[in-house]
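*Asks:* Submitted below is the structure of interest, expressed as structure tokens.
The values are calculated or read from the model by the stated rules, or taken from the named source; none is laboratory data. From a predicted model like this one, the values you see are computed outputs, not experimental measurements. Don't worry about glycine lacking a Cβ; one is built from the backbone with ideal geometry, like all the others, and counts go over all protein chains shown. Please note that ligands, DNA and RNA were not included when accessible areas were found on the heavy atoms of the full protein model with its side chains. Shrake-Rupley method; radii C 1.70, N 1.55, O 1.52, S 1.80 Å.
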Amino acid sequence: MATAASTMLDGSVSDAADRRKRIVAILGASSGNLVEWYDFYAYAFTSIYFAPAFFPASDPTSQLLSTAGIFAVGFFMRPLGGWLFGWIADRHGRRTSMVASVLLMCAGSLMIAVLPTYATIGALAPALLLVARLAQGLSVGGEYGTAATYMSEVAGRGHRGFYSSFQYVTLIGGQLLAVLVLMALQVTLSADELRAWGWRIPFVIGALAAIVAMYLRRSLEETASAESMQRKEAGSLVELMHHKRALLIVLAFTMGGSLYFYTFTTYMQKYLVNTAHMDPKTVSSIMTGLLVLFMCLQPAFGALSDRIGRKNSMIAFSGLGTLGAVPILTALGYATGALEAFGVVLLGLLIACFYTSISGLVKAELFPSEVRALGVGLPYAIANAMFGGTAEYVALWLKSAGHEPLFFWYVAGMCAIALVASIVMPDTRKRGYLDGTGEVETEPLLKAA
């Protein structure tokens, strides 16, 4: 009996140690994710202050358009980042790729923080700002696929949804952190001080935080095996093309998921002000509260996916998104009170949780180890740039043309495409590459649902 008790105790200690290692690994991976997204959004939120320093046009709108154009360029660098860092992760290791990604973001942020203005170096100032944003866009493009792959691989079977959900916890957290830093600066500094030098502070904070994240990531254990990295097909686009149906499913998931996510987060603030005619300060308070709640809901929905399966979670998201996008967005256009708007947007975000909590994991389960990071990151980056990155532009263009309701149907249509992909995807509880049950197939995992 003593021996049996000793064995049970050893097993309990071993399980606790294993759990701690997984938690440390998740924290290390997600810390970099938070920093990357903080840095990316810090640019968007502070651009109103630094635009005159780099684009000295007399028209403030022209200045903002110029900074917005450079922000958009960062979005369209993402596919290149998805390919480059996906290749590094599959060929040289997930840890190497994650460290390189966060270092590149650090370099971009530090560069913006110390850039001379147009008054000092002339046209070279906006050119160097563009270079910094290209670096940041490249970095963010590579962050998603590599971090999603690592977090999916390090999480134990039966808990992958819960652990992997922290990717979106930190993605949303980075956005909120950028907002909070800006709010703190607005309270402590005058508008003139913010325009003169205060706008540089968020980028200094981002660069320093990236260095901390880099050290955390350097201590992580590698999840890719030496055998996998040494295979000639590791990180190969040719090998990735052998998984065409998996690629199409990832594209479809991202088309619907990213468009829906950006509609109910970044665009929603403008929609409530411009269409529902609500007070901007009230809307800011509503959206900040909703984003905090949305962030906290991710682990619960991730854990739910561990019980019902990723396929059912995706069917729930895409089915409810298809049916709900038009009535929810229509109702929001007529919202008159803050509580009403809060409740209706929350309904939309609850639907999004089925996708965001497992966004990276559901894609990682569709690819073998040697092309997993590339398979997750590249198609995601392409579809995210095309549909997520353009969500606000398409919505505003249709509104200006007098056809705003068409945007609601556009969102519903992309969710419908994701629904088709959700139906034809395999049930990864039975056939998923992360558990080794897909690799025995001579054909791609998605040969049959």
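Each row is one residue, and each column tells you yes or no for (1) at pLDDT below 90; (2) buried (at least 21 other Cβ atoms within 10 Å of the Cβ); (3) in contact with a Phe, Trp or Tyr (Cβ under 7 Å, 6 or more places away or on another chain); (4) not aliphatic (A, V, I, L, M).
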residue	(1), (2), (3), (4)
VAL140	yes, yes, yes, no
PHE166	no, yes, no, yes
PHE203	no, yes, no, yes
SER225	yes, no, no, yes
MET229	yes, no, no, no
ARG245	no, no, no, yes
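*Asks:* Of ALA107, ALA100, which residue is at pLDDT 90 or above and surrounded by 18 or more Cβ atoms within 10 Å (Cβ to Cβ)?
*Replies:* Testing whether each residue is at pLDDT 90 or above and surrounded by 18 or more Cβ atoms within 10 Å (Cβ to Cβ) leaves just ALA100.
*Asks:* Next question, about the same structure. Would you check if LEU434 is in a helix (DSSP H, G or I) and either touching a Lys or Arg at 6+ places or on another chain (Cβ under 6 Å) or open to solvent by less than 40 Å² (accessible area, probe 1.4 Å) (or both)?
*Replies:* For LEU434, the condition - in a helix (DSSP H, G or I) and either touching a Lys or Arg at 6+ places or on another chain (Cβ under 6 Å) or open to solvent by less than 40 Å² (accessible area, probe 1.4 Å) (or both) - is met.
*Asks:* Answer yes or no as to whether SER318 is surrounded by fewer than 20 Cβ atoms within 10 Å (Cβ to Cβ), among the hydroxyl-bearing types (Ser, Thr, Tyr) and assigned to a helix (DSSP H, G or I).
*Replies:* no
*Asks:* Restricting the search to the stretch 118-168, which residues are touching an Asp or Glu at 6+ places or on another chain (Cβ under 7 Å) and among the β-branched types (Val, Ile, Thr)?
*Replies:* VAL140
*Asks:* Hey, does the stretch 117-139 have a residue that's in contact with a helix residue (DSSP H, G or I) (Cβ under 9 Å, 6 or more places away or on another chain) and outside any helix (DSSP H, G or I)?
*Replies:* Looking through the stretch 117-139, at least one residue is in contact with a helix residue (DSSP H, G or I) (Cβ under 9 Å, 6 or more places away or on another chain) and outside any helix (DSSP H, G or I).
*Asks:* Would you call GLU221 touching a Lys or Arg at 6+ places or on another chain (Cβ under 9 Å) and acidic (Asp, Glu)?
*Replies:* The answer is yes for GLU221.
*Asks:* Under 6 Å between Cβ atoms, which residue pairs at least 6 apart in sequence (or on different chains) link something in the stretch 402-413 that is closer than 14 Å to GLU392 by Cα and at pLDDT 95 or above with a partner that is in a helix (DSSP H, G or I) and among the β-branched types (Val, Ile, Thr)?
*Replies:* PHE408/VAL326; VAL411/THR263
*Asks:* Additional query: Please go through the stretch 284-315 and give me each residue that is surrounded by 20 or more Cβ atoms within 10 Å (Cβ to Cβ) and modelled with pLDDT under 90, ordered by number.
*Replies:* Scanning the stretch 284-315 gives a single hit, MET287.
*Asks:* Please count how many residues of the stretch 321-360 are surrounded by fewer than 19 Cβ atoms within 10 Å (Cβ to Cβ) and not in a helix (DSSP H, G or I).
*Replies:* Qualifying residue count for the region: 3.
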